[in-house]
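Asker: Mind looking over this structure? Questions follow.
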Amino acid sequence: MLVKLDTQATIPIARRLQLEQGDLRISARASYALGRVSVLIPSYVRAEDLRTTLSHTVAQRYRDKEIIVVDDGTPDSTILDTVKQFPSVTYLRTPANLGLIGARNYGAARCTGEFIVNLDDDSWLEDDSGLDLIVSFMREHPRTGVAALNIRLLGEGYLWRLDSDSIRLRTYKGCGNVYRQEVIRSAGEYIREFYRQGEEVERSLRIMDAGFEIRSAPGIRVFHAQSPINRNRARHLAFEAVNYLRKELIRAPFWLLPLGCVRALRFAVRHRREIDRKLYFSELFGTRVPLLTFVLRYRAPVSTRTYFAALALGRQG
């Protein structure tokens, strides 16, 4: 049974230190296999949803694939027990609960595929040839660093019309995307302090600044069941609003900082009736991630050209 428990001993010490310290500079990575696809699925306490996701994912017809589940510190053995039902799936467990962003980084650092497909534990590719379509799309669009897949939400439609052409985007959704290994080398991982909600928007700026495109892949469909477990719209909006402001503070060119901050604050005001205000102000001014410390650590503005290019691209979804 191929249930591979992760071990720090397999990671070079320099890389291990980068992982522990959350360093975005990727100076060395394990080699990866051309044509291989890594499917990365973080999970926390949603064993039943994960079982459904894995049932669909192992049925993908593409041969050279690895499926990796990252158990983000679930307090019991339910995630491991679920993975054991799928002998071809690799099980990793984080040393502590890192949050969704930390779990994605933890898993991505251990992927060996040329392409990394990100799914939530309640989402899956609808077509069993989905991975084949992904590889074909990425081959046809060599400048594309990230492809945003066409996500269908429970009870709703798709994010893009299925008959539309691929278009350039300024960001993507975390529960249905694919990116190249080169993106991690050039643009880095997610910033762990973003914790959850809106982390893709900041990383998208770095990806574009590194010379990659972000494109929609409307013909590749992902179903997102949107499990009610661990979902709270008021909390999600609070995290998203704070992360929006953090993104502007560390990535906006200096002379555009006022514009960026105003745009971020307008988002919070627009959702003021729904947002968890206590959490919003706690995240903004609390001690979990002190704002000044965060800015001093990560402030590295993108080029003015990249910033305006992102503004010019209409966000879909």
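Asker: Would you check if Arg288 is among the charged types (D, E, K, R), loosely packed, with under 14 Cβ neighbours inside 10 Å, under 22 Å from the mean Cα position of the chain (by Cα) and not in a helix (DSSP H, G or I)?
Answerer: The answer is yes for Arg288.
Asker: Examine segment 302-309 for a residue that is more than 30 Å from Arg152 (Cα to Cα), not aliphatic (A, V, I, L, M) and not in a helix (DSSP H, G or I), and state whether such a residue exists.
Answerer: yes
Asker: Then there's this: What about Ala241, is it buried (at least 17 other Cβ atoms within 10 Å of the Cβ), in a helix (DSSP H, G or I), small (Gly, Ala, Ser) and in contact with a Leu (Cβ under 6 Å, 6 or more places away or on another chain)?
Answerer: no
Asker: Looking at Arg168, Arg161, which one is within 22 Å of Leu313 (Cα to Cα), at pLDDT below 90 and surrounded by fewer than 19 Cβ atoms within 10 Å (Cβ to Cβ)?
Answerer: The match here is Arg161.
Asker: Specify the residue that is farthest from Pro290 (Cα to Cα); the eligible residues are those in segment 194-228 that are surrounded by fewer than 20 Cβ atoms within 10 Å (Cβ to Cβ) and at pLDDT below 90.
Answerer: For segment 194-228, the residue satisfying everything is Ala225.
Asker: Which count do you get for residues in segment 185-204 that are over 13 Å from Arg168 (Cα atoms) and either β-branched (Val, Ile, Thr) or part of a helix (DSSP H, G or I) (or both)?
Answerer: Within segment 185-204, residues that are over 13 Å from Arg168 (Cα atoms) and either β-branched (Val, Ile, Thr) or part of a helix (DSSP H, G or I) (or both) number 12.
Asker: Let me ask something else about it. Is there a residue in segment 95-111 that is more than 28 Å from Phe239 (Cβ to Cβ) and touching a Lys or Arg at 6+ places or on another chain (Cβ under 8 Å)?
Answerer: Scanning segment 95-111 turns up no residue that is more than 28 Å from Phe239 (Cβ to Cβ) and touching a Lys or Arg at 6+ places or on another chain (Cβ under 8 Å).
Asker: When you go through (1) aliphatic (A, V, I, L, M); (2) farther than 30 Å from Met138 by Cβ; (3) in contact with a strand residue (DSSP E or B) (Cβ under 6 Å, 6 or more places away or on another chain) one by one for Val295, which number turns out not to apply?
Answerer: (3)
Asker: Next up: Counting only residues that are of a type in the set (D, E, K, R) and modelled with pLDDT of 90 or more, which one in segment 261-285 is nearest to Arg251 (Cα to Cα)?
Answerer: Arg263
Asker: Test Ile41 against the stated conditions and say whether it is in contact (Cβ under 8 Å) with a residue 40 or more places away in the chain and either of a type in the set (D, E, K, R) or surrounded by 22 or more Cβ atoms within 10 Å (Cβ to Cβ) (or both).
Answerer: Against the criterion (in contact (Cβ under 8 Å) with a residue 40 or more places away in the chain and either of a type in the set (D, E, K, R) or surrounded by 22 or more Cβ atoms within 10 Å (Cβ to Cβ) (or both)), Ile41 qualifies.
Asker: Here's something else I'd like to know. Does Tyr179 fit the bill of being surrounded by 19 or more Cβ atoms within 10 Å (Cβ to Cβ) and not in a strand (DSSP E or B)?
Answerer: no
Asker: Next question. Take residues that are without any contact (Cβ under 8 Å) to a residue 60 or more places away in the chain and in contact with a Leu (Cβ under 9 Å, 6 or more places away or on another chain) and tell me which of the helices (runs of 4 or more DSSP H) falling wholly in segment 47-154 contain 3 or more.
Answerer: Those helices (runs of 4 or more DSSP H) span 78-83.
Asker: Check off (1) surrounded by 22 or more Cβ atoms within 10 Å (Cβ to Cβ); (2) modelled with pLDDT of 90 or more; (3) under 25 Å from Ala147 (Cβ atoms) for Arg246 and give me the number that stays unchecked.
Answerer: It is condition (3) that Arg246 fails.
The values are calculated or read from the model by the stated rules, or taken from the named source; none is laboratory data. Every value quoted in this text rests on a predicted model; they were computed, and no experiment measured them. Note that we place each Cβ from the backbone using ideal geometry, even for glycine, and neighbour counts take in every protein chain shown.
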